[in-house]
Amino acid sequence: MGHLNLPASKRNPRQWKLLDIITAIFFGLVLLFFLLVFTPLGDSMAASGRQALLLSTSDPRQRHRLVSLVELGHHHKPIEACPANSVDHMPCEDPRRNSQLSREMNLYRERHCPLPDEMPLCLIPPPPGYKIPVQWPESLHKIWHSNMPHNKIADRKGHQGWMKEQGPHFIFPGGGTMFPDGAAPYIEKLGQYIPLTGGTLRTALDMGCGVASFGGSLLSEGILALSFAPRDSHKAQIQFALERGIPAFVLMLGTRRLPFPAFAFDFIHCSRCLIPFTAYNATYFIEVDRLLRPGGYLVISGPPVQWPKQDKEWADLQAVARALCYELIAVDGNTVIWKKPDGDSCLPNQNEFGLESCDESNDPSNAWYFKLRRCVTSTSSVNGEHPVGIIPKWPDRLTRAPSRALVVKNGIDLFRADTRRWTRRVAYYKNTLNLKLGSPAVRNVMDMNAFFGGFAAALVSDPVWVMNVVPARKPLTLGVIYDRGLIGVYHDWCEPFSTYPRTYDFIHVAGIESLIKLPGSSKSRCNLVDLMVEMDRMLRPEGTVVIRDSPEVIDKVARIAHAVRWTATINDKEPESHGREKILVATKTFWKLTSSH
């Protein structure tokens, strides 16, 4: 209809199509020029272009080239910042990657790491408005809202006392789904049935912990609880817990053993953790049994315990506990408390779940990417005296050499020497290097190569907790750490750690190069640049890193430290120590994204 009044010469469709295209391209280029020059889009596109060049995963050679330049000190600019939407990025718990995986046994919510060449080589920025965290112990009850502006938990769980927004802070009244009036009265009730005071119980595991108010409240009882929850729809439960200064870890009970040794915990707690303990032939209950020290206590609060419409699940749960000869201590409302037998359970016995004892070839403390087994761990499979009540009470157990130290040759002698060595070294850190250990500025501490936990033991009188990491390819000494009354996990440092960004104040590593080497070889499995970028991700702005190694390694570490924006000094080791070690002390600078990102 629009062509009726036009002259014939103006109705050539080919001519109009060509003119349209030329005109559109011209105006499009003019518009793009204005956008690039006069708006922030130009800055962000330029940044993303640089980022694409830097992060290119389609060309691993380019990534390797950059790593080599940084290691040699020839990359004179800092490594680029990651995009603004990566402030909470956890490479191995990326919902976009994991959503493609099977839902069976919650496989998709476990760790799934990208290949090294697919990892972005960039520094995670803080969110806008980030502040240096509130210091311990005030942080237990309030944190800066701007550090984690995630209101979903406060909106959904505020009526249960989890957390509330108040002015510039989130505050934590101490409640939970099963204890909306606060953890303290709930713990007081548990104390009627369990010896929560006096040092009998020291290490606890809180499964599906929410914002970890239960674990936070146990600290005043001298009980060190490691709280865990998966990355889930409630957005950053574990990030909130760590910001508060409570020991916590991102973790999902799915298809694999949890990364802890056998008989690690004196006390295991589930408050509405929603773990289907009796599913898959009671596989999850059996995993809890592997982790629970003989004579230890298991508390399950919430469904299915005397819960409406869950009679069968509750009956099954009691049947599994009976099959393992757990002593029923109490059923109080929707809370059940069991005590694990001191010696081997009554297996083999007739039970509807077909439970059997594990054979001797199964090391129950091997737990790094180890598939769950449907067999029960026998106490005789782990060397030593483990039962609660026989192991020394806290704090005596801290300095007593446990028999599990014999996992390495001359383990008892090594344990004693290691304890003395770290007492001396930590005194040097504080008195000569003037590190902030013992001050309110340091609460969350990580030891990346913990061995027997000597570094953490030397800090026992400080207001800190230490995540002791035992590298998965080294001797499995994590059981010694738990026997001492300390906590930790297995991990392979060629992969990212399961924590949110900015969650540790102080990271310590002795022998950093050993973390990336093939055991017994000079070849590296991964590189120091990626490892130090990961350390930077975990570290809070203005946090401290201490690295001990040979002078040659420390020189390389210092070059990389410059590239990750740390200010670093190299120091001599303490005079009493043998060997050639140097000590690098670095501080993470508090930088923010510029408008170009």
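If you take the alpha carbon radius of gyration of region 452-597 and divide it by 2.2 N^0.38 Å, what ratio comes out, to two decimals?
Taking N as the residue count of region 452-597, the ratio is 1.07.
How charged is the neighbourhood of Val564? Take every other residue with its Cβ under 9 Å from the Cβ of Val564, and add Lys/Arg as +1 and Asp/Glu as -1.
My count for the surroundings of Val564 gives +1.
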Quiz prompt | Spatial separation of Cα centroids for region 398-455 and region 100-141, in angstrom | solution = 28 Å
Practice problem: Based on the mean of other Cβ atoms within 10 Å per residue, sort peptides 447-455, 539-547 so the most packed one is first. | Solution: 447-455, 539-547
Quiz item: Hey, got the dipole for region 180-381? About the Cα centre, +1 on K and R Cβ, -1 on D and E Cβ, debye to the nearest 20?
Solution: 460 debye
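Tell me what the chain gives for mean residue ellipticity at 222 nm when only DSSP H runs of n ≥ 4 count, each as -39,500 (n - 2.57), the sum divided by the residue total, rounded to 500 deg cm²/dmol.
For the chain, the value works out to -8500 deg cm²/dmol.
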Quiz item: Just the accessible area per residue of the chain, please: how many Å² with a 1.4 Å probe?
Solution: 43 Å²
Quiz item: Lys/Arg Cβ at +1, Asp/Glu Cβ at -1, dipole of the chain taken about the Cα centre: which of Ser301, Leu218, Tyr490 is farthest positive-ward?
Solution: Tyr490
Quiz prompt | DSSP beta bridge pairing in the chain, given as percent antiparallel to the nearest 5 | solution = 45 percent
Practice problem: Pull up the DSSP beta bridges for region 180-381 and report the antiparallel fraction as a percent, rounded to 5. | Solution: 35 percent
Exercise. Compute the length gained on full extension between Lys77 and Arg424: take 0.36 nm times their separation in residues and subtract their Cα-Cα distance, giving the result in nm to one decimal.
Key: 121.1 nm
Quiz item: In region 411-537, with Lys and Arg counted as +1 and Asp and Glu as -1 at Cβ, which of these residues, Met467, Val426, Ala450, has the Cα nearest the positive end of the dipole, that is, farthest along it?
Solution: Val426
Quiz item: So how tilted is helix 40-55 from the main axis of the chain? Cα-based, degrees 0 to 90, rounded to 10.
Solution: 60 degrees
Quiz item: How large is ³J(HN,Hα), in whole Hz, for each residue of region 84-91 in order, when computed from phi with the Karplus curve 6.51 cos²θ - 1.76 cosθ + 1.60 and θ = phi - 60°, using x for Gly and Pro?
Solution: 4, 7, 9, 4, 10, 5, 10, x
Self-check item: If the convex hull is drawn through the Cα atoms of region 466-529, its volume per residue in Å³
Solution: 101 Å³
Exercise. Kindly sort Glu495, Glu552, Glu118, Glu534 by accessible area of their heavy atoms, largest first, with the probe set to 1.4 Å.
Key: Glu552, Glu118, Glu495, Glu534
Quiz prompt | Long pairs among Lys517/Lys588; Lys77/Lys131; Lys556/Lys588, criterion Cα-Cα beyond 21 Å | solution = Lys517/Lys588; Lys77/Lys131
Practice problem: Could you sort 166-173, 221-228 so that the peptide with the highest average Cβ count within 10 Å comes first and the rest follow in order? | Solution: 221-228, 166-173
Quiz item: Calculated FRET efficiency, Arg322 and Leu593, Cβ-Cβ r, R0 56 Å, to nearest 0.05?
Solution: 0.45
Practice problem: Using only alpha carbon positions, build the gyration tensor of region 180-381, then give the equivalent ellipsoid semi-axes as the square roots of 5 times its eigenvalues, largest first, whole angstrom. | Solution: 25, 19, 17
Practice problem: Tell me which residues come under 5 Å, amide H to amide H, from Asp232 once H is placed; ignore anything under 5 positions away on its chain. | Solution: Gln237
Practice problem: Taking all pairs of distinct Cα atoms, average 1/r, flip it, and tell me the Kirkwood hydrodynamic radius of the chain in Å to one decimal place. | Solution: 26.1 Å
Quiz item: Once label points are set 7 Å from the Cα along Cα→Cβ at both Asp344 and Asp572, what is their separation, rounded to one decimal in nm?
Solution: 5.8 nm
Quiz item: For the chain, which whole-number percentage of the solvent-accessible area (1.4 Å probe, protein heavy atoms only) is attributable to carbon and sulfur atoms?
Solution: 55 percent
Self-check item: Helix 551-563 vs. the chain, principal-axis angle (Cα, 0 to 90°, nearest 10)
Solution: 50 degrees
Quiz item: Helix 311-323 sits at what angle to the longest principal axis of the chain, using alpha carbons and giving 0 to 90 degrees rounded to 10?
Solution: 50 degrees
Practice problem: With a 10 Å radius around each residue's Cβ, average the other Cβ atoms per peptide and rank 105-117, 200-212, 567-579, highest first. | Solution: 200-212, 105-117, 567-579
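The values are calculated or read from the model by the stated rules, or taken from the named source; none is laboratory data. These figures come from a predicted structure and were not determined experimentally. For neighbour counting, all protein chains shown are included, and Cβ atoms are generated from backbone atoms with ideal geometry for every residue, glycine included. Remember, those area values only see protein heavy atoms, side chains included, never the ligands or the DNA or RNA. Shrake-Rupley method; radii C 1.70, N 1.55, O 1.52, S 1.80 Å.
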